[in-house]
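**Student:** My questions will all concern the structure given below.
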Amino acid sequence: EIIRKVTLPIVMPAIFSAFLLTFASSMSAFAVPAFLGTPVRYYVLTTQLYRTLNGVNQGYGYVLAVVMLAVGLFVLAFNQWFVGKRKSFTTVTGKSSQVSLVKLRGARTPISVGVLFMLLLIAILPLVSFAVESFTMVTGNYNPSNFTSIFWLGKGSTDIANGEPGILRNKYIYLGLWNSIKLSVCCAFVAGTAGVLCGYAVVKRRGSRLSGVVNSLAFFPYLMPAMAFGAIYLSMFTQKNGFIPPLYGTFTLLVLIGSVKYLPFASRAGVNAMLQLSNEIEEAAVIQGVSWWKRMVKIIFPIQKTSFLSGYLLPFISCMRELSLFILLVTPANRVLTTQLFQYNEKGWNQYANAINLLIIVVVLFFNLVINKLTGASIDKGIGGS
């Protein structure tokens, strides 16, 4: 009775938010269904959309995109209705919080081993598998004679992948790497800056209808399936339509769609940072006649630098590993690493694809480590409390 009438009503917003995020991610998924489902003819909306827009029935593809967008709108509207019908989700108590420790006794070791095993299984083993497979001539054969470095350092052989050189000697891989880093930096700067401003506006007008609208609009791109989002931009910018320029095939279009798509991550970090900042700090500056620009640059941003910079880091990492958002919009001139990985996989060159996957992971971890060491910013600080 207590769980049904007290506990569940209190935690229901959090439960529904988790469902909302999971549902949106699943609807947007393209890479996993494409890699695992396509070989066995198991299709989902995203893979069907990719097939139709790259085939002869593009109109059908745009219909699928509209359906996916409608689903995102419905989920957002339902979330607003569900949350809006409650006055508050805050509990007030006069007691200080107290952490209760559970004595596991003899179960501590088995539980620790089980958790460690799960971490190794879901985090470490896949990386080891990618690394090993990228050095095998024949997939699945782990005989020492089957191992080779040709897919990393080889000059290329006519009997292997049409003479494709190893990824560390392939100029197109370096071009894709440069495009990926450049695109991620641009998207992170645009989305991160917009997220800071959005977080400031939402928190300062917190409780107003306008604040709720801005907050919802900033979050909406997350609910839009990335493949459908790319299809909409493809239809808008393929040719000149009134004041809309033909941006298809340009780097600008990739920056534009990436910045909009990753705005929810940056805005959550911005809102979280501003919620942690007391109003008295800015009010004191206002009394002293400090302009808004100086308050942001000299006071607010330095105090919450770590949280704000995490709002820049989230779009950067997301962009580096993004596939479904860019797969419909890239051209040979502005290819990125993830689309190259997908193309290699489609051709059946799995060793090259595994090597590129590892390269992406190494680059992401490197930038995350460097930024964390220099500024203290990290992903968990960007999304914590949001």
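**Student:** Is there any pair with a first residue in region 252-275 that is under 18 Å from residue 231 (Cα atoms) and a second that is among the β-branched types (Val, Ile, Thr) and open to solvent by 10 Å² or more (accessible area, probe 1.4 Å) whose Cβ atoms are under 7 Å apart and which are 6 or more apart or on different chains, and what are they?
**Tutor:** So the pair list comes out as 255/190; 259/190.
**Student:** Restricting the search to region 303-351, which residues are in a loop (DSSP other than H, G, I, E, B) and under 30 Å from residue 275 (Cβ atoms)?
**Tutor:** Filtering region 303-351 down to residues in a loop (DSSP other than H, G, I, E, B) leaves 304, 321-331, 335-336, 347-349.
Residues satisfying the conditions are 304, 321, 322, 325.
**Student:** Tally the residues that are small (Gly, Ala, Ser) and under 26 Å from residue 336 (Cα atoms), restricting the search to region 242-296.
**Tutor:** If we filter region 242-296 for residues that are small (Gly, Ala, Ser), which is where we start, we get 242, 249, 258-259, 266-267, 269-270, 273, 278, 284-285, 289, 291.
Retained after the next criterion (residues that are under 26 Å from residue 336 (Cα atoms)): 249, 258-259, 266-267.
Adding up the residues that qualify gives 5.
**Student:** Which members of region 2-46 meet the condition of being more than 29 Å from residue 216 (Cβ to Cβ) and among the polar types (S, T, N, Q)? Outline the logic, then answer.
**Tutor:** Taking region 2-46 as the starting set, the residues that turn out to be more than 29 Å from residue 216 (Cβ to Cβ) are 2-5, 34-43.
The one that is more than 29 Å from residue 216 (Cβ to Cβ) and among the polar types (S, T, N, Q): 38.
**Student:** Report yes if some residue within region 175-191 is in contact with a strand residue (DSSP E or B) (Cβ under 8 Å, 6 or more places away or on another chain) and either in the same structural domain as residue 25 (by the TED database) or surrounded by fewer than 19 Cβ atoms within 10 Å (Cβ to Cβ) (or both); otherwise report no.
**Tutor:** Residues of region 175-191 that are in contact with a strand residue (DSSP E or B) (Cβ under 8 Å, 6 or more places away or on another chain), as a first pass: none.
No; the residues of region 175-191 include none that is in contact with a strand residue (DSSP E or B) (Cβ under 8 Å, 6 or more places away or on another chain) and either in the same structural domain as residue 25 (by the TED database) or surrounded by fewer than 19 Cβ atoms within 10 Å (Cβ to Cβ) (or both).
**Student:** Is it the case that some residue within region 235-252 is open to solvent by 20 Å² or more (accessible area, probe 1.4 Å) and within 16 Å of residue 192 (Cβ to Cβ)?
**Tutor:** no
**Student:** Does region 216-234 hold any residues that are more than 16 Å from residue 58 (Cβ to Cβ), touching a residue at least 12 places away in the same chain (Cβ under 8 Å), open to solvent by 30 Å² or more (accessible area, probe 1.4 Å) and among the hydrophobic types (A, V, I, L, M, F, W, C), and which are they? Can you show your working first?
**Tutor:** Start the filter on region 216-234 by keeping residues that are more than 16 Å from residue 58 (Cβ to Cβ), which leaves 216-226, 229.
Filter again for touching a residue at least 12 places away in the same chain (Cβ under 8 Å), leaving 216, 218-226, 229.
In the following step, the residues that additionally are open to solvent by 30 Å² or more (accessible area, probe 1.4 Å) were identified as 219-220, 222.
Listed by number, the residues that qualify are 219, 220.
**Student:** From the list 295, 335, which residue is in the same structural domain as residue 237 (by the TED database), surrounded by 16 or more Cβ atoms within 10 Å (Cβ to Cβ) and more than 30 Å from residue 199 (Cα to Cα)? Before you say what the answer is, go through the steps one by one.
**Tutor:** Working: 295 fails: more than 30 Å from residue 199 (Cα to Cα).
None of the other options fit; the residue is 335.
**Student:** Can you tell me which residue in region 338-386 is modelled with the highest pLDDT, limited to those that are open to solvent by less than 60 Å² (accessible area, probe 1.4 Å) and on the phi > 0 side of the Ramachandran plot?
**Tutor:** The extreme case among them is 348.
The values are calculated or read from the model by the stated rules, or taken from the named source; none is laboratory data. Remember, it's a predicted structure, so these values are computed and weren't measured experimentally. Cβ sites come from the backbone with ideal geometry, for glycine too, and all protein chains shown count toward neighbours. Accessible surface is based on the protein model in full, side chains and every heavy atom, while ligands, DNA and RNA are left aside. Shrake-Rupley method; radii C 1.70, N 1.55, O 1.52, S 1.80 Å.
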